[in-house]
Amino acid sequence: MKKYLLHDEWKIIEEGFNPEYNEISESCFSIGNGRFGQRANFEEQYSGKSLQGSYVAGVYYPDKTRVGWWKIGYPEYFAKVLNAPNWIGIDVQVDGEVLDLATAKVLSFRRELDMKRGVLYRHFIVRMLSGKELEVTGTRFCSMANNEVGAIQYEVKPLNFSGLIQFTPYIDADVVNQDANWDEKFWIGIAKAAKRRSAYITAETKKTAFQVCTGMKFSLSKNGEKVKQEAVQGIEEKYIGLSVAVNCEKGDHLVLHKYAGIISSRYYDKEQLMDRCVEVVNEACNTGFKKLLKAHEQVWTDKWKEADIVIEGDVAAQQGIRFNIFQLYQTYTGDDPRLNIGPKGFTGEKYGGSTYWDTEAYCLPFYLGTAGQNVARNLLVYRYRHLPKAIENAEKLGFTGGAALYPMVTMNGEECHNEWEITFEEIHRNGAIAYAIFDYIRYTGDWDYLQEYGLEVLVGIARFWAQRVHWSEPKQQFVMHGVTGPNEYENNVNNNWYTNYIATWCLKYALEAMDFVQSSKPERFGELLGKLNFDEEESKKWKHIIDNMYYPEDQERGIFLQQEGFPDKEIRTVDTLRPEDRPLNQNWSWDRILRSCFIKQADVLQGLYFFEEQFDEATHRRNFEFYEPLTVHESSLSACVHAILASRLGMHDKAYEMYLRTARLDLDDYNNDTEDGLHITSMAGTWMALVEGFGGLRAAADMLAFDPHLPDKWKSYGFHLRWRNHFLHILVGRDGAVLKNNSGQPLRVKLRGNPVEVPANGEVGF
Ligand code: BGC
């Protein structure tokens, strides 16, 4: 754990330069706007530890798989998010000496991410090797108001000298991915143009042939006067830099504004890219930094109005939740069903920026509660569009007849993960995709979705499960062998309770969905029956599985078994581990982890979270009390689910501990891996931990329910929630809670178990 970032309600602050943590800071101070994102790399050159990262939504590269032993069924490619052309670079030289914070003496340094405004700010004073001292202030943002624009204001002041300061703002498409399997460069230069103060490079990704035109235009002023001299062009194959050198006196104030355009062929014809980029950049430059910033800030102001959570009495917790919300909205804005939410968003390369089950299991509730219904719907439509590929994926593994296996990791619907224990075995992901449809309809009441898209997906998924189970003669029940549950610290197990449970749940839900479509829209149902080639025999087979599935249990302990044979392990709790063993995945051999009883993330407990109402409280408690003490929470997705379950069981200290762990996972680098990028998908889990955990929010039977609890340390907390046509606000304080209904229709809710009507534009205390 690290504690070098300062606590503040609205800002993330690094005071004093911490070069050893620079990559962590680059992750934490990342900015983005749903279309592109940028790690907090410095504008000027930096020869110290750094992971350069600019990312453009939906632009990826299928890197050829690299494995020792090839297995049939492995995908040939691993799609990775690409480090895209650098648009932030501004080299600075002082009388010929390059400004580099790794070689200069840093006299003062402050980096701030202002989450209220969506702005990254940096201020530092350095003494260069020559003894010359320079004060620099950088301000930058990725515009939320115009998602093709990034802007930088870079101010420089010579403090103790007069001399020549040269600026070289540049565009560089000669970039690499740190995780390239074959040290290959993924971008080919296609076109470039440079004119006076602007430069444009169009680059194309190998194989996928996405094109991105990255352009810039800059202006430079000294003491408020425009510097007019011509820029000297430095042009290489995939690089254009434009240099201007200015004679300065001590105390002069130099301001460089750099406007960037990032235009991708996902939104325009390739032939139009450069023209469009020129247009965007010119417009940004004409608008000017101040006005652009104002429009950008306004979008954040509006977002916060709907999505902010206010915690009084605990700055660390307040900063944590805002950081999570802020990063989620920088990653996904929900207007394009081709996009999704990578576990690292736009903040790192690891996990390839691809889509995981994280979206359905963790992110969906956040967007349901804080954004318009279409945002969550787009996340579901994304999977609907991938259904043909999911059927192909299943066929590659030997399944037939329209069975669909959604990938563990994907960019375009194809599987692109190649560890056998995950690709072939971590199939519970299929369940989460079905569960998301259920969750979405339960929350929104949008039954049309089922008729239009959902049912087809559910049938494909159900068909997969029906073929994946087999009949066990000795047990006289259906079983499922060779799986990996959500706890990836166990592989190739038989009868993982969670997977067996969600498999039969999917079969049941698919049958219910069929009945619903049949009765509500018979003509659509007839159409689908034909399209899906579904008959009575198939539904009988599903029912047989539903009625005869095996679920491993430990009768004596009264718990569900994570998998058959689990109690044969040497059972010891996490508190018996030595601190130097943690995290296990960085200190123990894989073999040792697999044989141990230690659990990476919620597994049985994930099932209890999803299907809460199907089990009584005593069952919840017994399972929680057995499994949580064995859990190392080494997946970022772990703490939030545990926080919710602990809250429900009244284990408030545990819930609070888990909440802080998820809320500040990256800010405090709990798992020692923030340098790779932020855990974006688990950030939605933080929201769930607060709203479903402390707030006790449940959505069932067309009615919301709240059963809030206030953590001891807090004075109060308040959150907004969208529910169907209602905009709600819940405030929980020491003297009780207040639910405000900010909409023109009354609302029926359950408050602490009692049904109540909250008047239109009125409130109820409880
Ligand atoms: C977790 C998975 C998750 C993935 C991406 C892994 O560490 O075990 O459940 O899908 O990270 O977040």
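The values are calculated or read from the model by the stated rules, or taken from the named source; none is laboratory data. If you're wondering where the values come from, they're calculated on a predicted model, not measured in any experiment. Using ideal geometry, Cβ is built from the backbone for each residue, glycine included, and neighbour counts are taken over all protein chains shown.
Residues that are more than 32 Å from the chain's Cα centre (by Cα) and farther than 30 Å from ASN324 by Cα within region 101-123 comprise THR103, ALA104, LYS105, VAL106, LEU107, listed in sequence order. Restricting attention to region 494-536, the residues being within 15 Å of GLY607 (Cβ to Cβ) and either buried (at least 20 other Cβ atoms within 10 Å of the Cβ) or among the hydroxyl-bearing types (Ser, Thr, Tyr) (or both) number 13. Residues of region 581-606 that are assigned to a helix (DSSP H, G or I) and either under 14 Å from THR484 (Cα atoms) or modelled with pLDDT of 95 or more (or both): ASP581, LEU584, ASN587, TRP590, ASP591, ARG592, ILE593, LEU594, ARG595, VAL604, LEU605, GLN606.
Would you mind finding the one in ALA145, ALA84, ALA79 that is of a type in the set (A, V, I, L, M, F, W, C) and touching a Cys at 6+ places or on another chain (Cβ under 6 Å)?
Working: ALA145 fails: touching a Cys at 6+ places or on another chain (Cβ under 6 Å); ALA84 fails: touching a Cys at 6+ places or on another chain (Cβ under 6 Å).
Checking each option against the conditions leaves just ALA79.
When ALA404 is tested against (1) over 30 Å from LEU728 (Cβ atoms); (2) touching an Asp or Glu at 6+ places or on another chain (Cβ under 8 Å), only condition (2) is not met.
Exactly one of (1) among the aromatic types (Phe, Trp, Tyr); (2) modelled with pLDDT of 95 or more; (3) touching a helix residue (DSSP H, G or I) at 6+ places or on another chain (Cβ under 7 Å) is unmet by PHE727. Its number? Condition (3) is where PHE727 drops out. Please specify each residue of region 385-397 satisfying the condition of being over 14 Å from VAL459 (Cα atoms) and in contact (Cβ under 8 Å) with a residue 40 or more places away in the chain. Selection gives ARG385, LYS396, LEU397.
Which ones in region 647-660 are under 23 Å from ARG572 (Cβ atoms) and buried (at least 23 other Cβ atoms within 10 Å of the Cβ)? MET658, the sole residue that qualifies. Tallying residues that are assigned to a loop (DSSP other than H, G, I, E, B), more than 16 Å from the ligand (Cβ to nearest atom) and among the small types (Gly, Ala, Ser) within region 467-488 yields 1.
Tell me the residue from LYS80, LYS71, LYS132, LYS157 that is surrounded by fewer than 16 Cβ atoms within 10 Å (Cβ to Cβ) and basic (Lys, Arg), please.
On the way: LYS80 fails: surrounded by fewer than 16 Cβ atoms within 10 Å (Cβ to Cβ); LYS132 fails: surrounded by fewer than 16 Cβ atoms within 10 Å (Cβ to Cβ); LYS157 fails: surrounded by fewer than 16 Cβ atoms within 10 Å (Cβ to Cβ).
Being surrounded by fewer than 16 Cβ atoms within 10 Å (Cβ to Cβ) and basic (Lys, Arg) holds for just one of LYS80, LYS71, LYS132, LYS157, which is LYS71.
Condition (residue is under 25 Å from THR65 (Cβ atoms), touching a His at 6+ places or on another chain (Cβ under 9 Å) and without any contact (Cβ under 8 Å) to a residue 40 or more places away in the chain) applied to region 410-418: is it met by at least one residue? Yes, region 410-418 has at least one match. Contact map, region 425-442: first residue closer than 19 Å to VAL493 by Cα, second residue of a type outside the set (A, V, I, L, M, F, W, C) and part of a helix (DSSP H, G or I), Cβ cut-off under 7 Å, separation 6 or more or different chains; pairs are ILE427/ARG468; ILE427/THR499; HIS428/TYR498; HIS428/THR499. For region 27-64, filtering for residues that are within 19 Å of the chain's Cα centre (by Cα), over 23 Å from CYS416 (Cα atoms) and of a type in the set (Lys, Arg) leaves 1.
How many of the residues making up region 262-319 are closer than 22 Å to GLN153 by Cβ and at pLDDT below 95? Summing the residues that are closer than 22 Å to GLN153 by Cβ and at pLDDT below 95 in region 262-319 gives 0.
May I ask you to say which residue of ALA689, ALA760, ALA737 is crowded, with 23+ Cβ neighbours inside 10 Å and over 29 Å from ALA602 (Cα atoms)? Can you show your working first?
On the way: ALA689 fails: over 29 Å from ALA602 (Cα atoms); ALA760 fails: crowded, with 23+ Cβ neighbours inside 10 Å.
Selected residue: ALA737, the only one of ALA689, ALA760, ALA737 that is crowded, with 23+ Cβ neighbours inside 10 Å and over 29 Å from ALA602 (Cα atoms).
Only one entry of SER589, SER539 meets the criterion of being loosely packed, with under 15 Cβ neighbours inside 10 Å and among the hydroxyl-bearing types (Ser, Thr, Tyr), and that entry is SER589.
Yes/no matrix, rows are residues, columns are (1) within 25 Å of ARG35 (Cα to Cα); (2) modelled with pLDDT of 95 or more:
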{"position": "LYS185", "(1), (2)": "yes, no"}
{"position": "ALA193", "(1), (2)": "yes, yes"}
{"position": "THR205", "(1), (2)": "yes, yes"}
{"position": "PHE210", "(1), (2)": "yes, yes"}
{"position": "THR214", "(1), (2)": "yes, yes"}
{"position": "LYS226", "(1), (2)": "no, yes"}
{"position": "GLY234", "(1), (2)": "no, yes"}
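How about region 325-349: which of its residues are assigned to a helix (DSSP H, G or I) and either surrounded by fewer than 20 Cβ atoms within 10 Å (Cβ to Cβ) or more than 16 Å from the ligand (Cβ to nearest atom) (or both)?
Narrowing region 325-349 to residues assigned to a helix (DSSP H, G or I): 325-331.
Passing the criteria: ILE325, PHE326, TYR329, GLN330.
Would region 361-384 turn up any residue that is in contact (Cβ under 8 Å) with a residue 60 or more places away in the chain, in contact with a Pro (Cβ under 6 Å, 6 or more places away or on another chain) and assigned to a helix (DSSP H, G or I)? Yes: region 361-384 contains one or more residues that are in contact (Cβ under 8 Å) with a residue 60 or more places away in the chain, in contact with a Pro (Cβ under 6 Å, 6 or more places away or on another chain) and assigned to a helix (DSSP H, G or I).
Can you tell me which residues in region 711-729 are buried (at least 20 other Cβ atoms within 10 Å of the Cβ) and not hydroxyl-bearing (Ser, Thr, Tyr)? Within region 711-729, PRO711, PHE719, HIS720, LEU721, ARG722, TRP723, LEU728 meet the criteria. Would region 572-581 turn up any residue that is farther than 30 Å from SER636 by Cβ and not aliphatic (A, V, I, L, M)? No, region 572-581 contains no residue that is farther than 30 Å from SER636 by Cβ and not aliphatic (A, V, I, L, M).
Taking region 723-746 as the range and being in contact (Cβ under 8 Å) with a residue 24 or more places away in the chain, assigned to a loop (DSSP other than H, G, I, E, B) and either farther than 18 Å from GLU692 by Cα or in contact with a strand residue (DSSP E or B) (Cβ under 6 Å, 6 or more places away or on another chain) (or both) as the test, only ARG734 passes. Taking the numbered list (1) in a loop (DSSP other than H, G, I, E, B); (2) closer than 30 Å to VAL517 by Cα in turn, ASN491 passes all entries but (2). Taking region 207-324 as the region of interest, the strands (runs of 3 or more DSSP E) fully inside it that hold 3 or more residues being within 30 Å of LEU667 (Cα to Cα) are 254-264, 309-312. With a requirement of 3 or more residues that are more than 22 Å from SER47 (Cα to Cα), the strands (runs of 3 or more DSSP E) lying completely within region 86-204 that satisfy it span 149-158, 187-195.
Restricting to region 401-458, count the residues that are assigned to a loop (DSSP other than H, G, I, E, B) and within 16 Å of the ligand (Cβ to nearest atom). Talk me through it step by step, then tell me what you get.
So the first thing to find is which residues in region 401-458 are assigned to a loop (DSSP other than H, G, I, E, B), and the list is 401-409, 411-419, 424-427, 445-447.
From the residues that got through so far, the ones that are within 16 Å of the ligand (Cβ to nearest atom) too are 405-409, 411, 415-419, 424-427.
Within region 401-458, residues that are assigned to a loop (DSSP other than H, G, I, E, B) and within 16 Å of the ligand (Cβ to nearest atom) number 15.
Pairs linking a residue in region 213-225 that is surrounded by 15 or more Cβ atoms within 10 Å (Cβ to Cβ) to a residue that is of a type in the set (Phe, Trp, Tyr) and not in a strand (DSSP E or B), with Cβ atoms under 8 Å and 6 or more positions apart or on different chains, are THR214/TRP87; MET216/TRP87.
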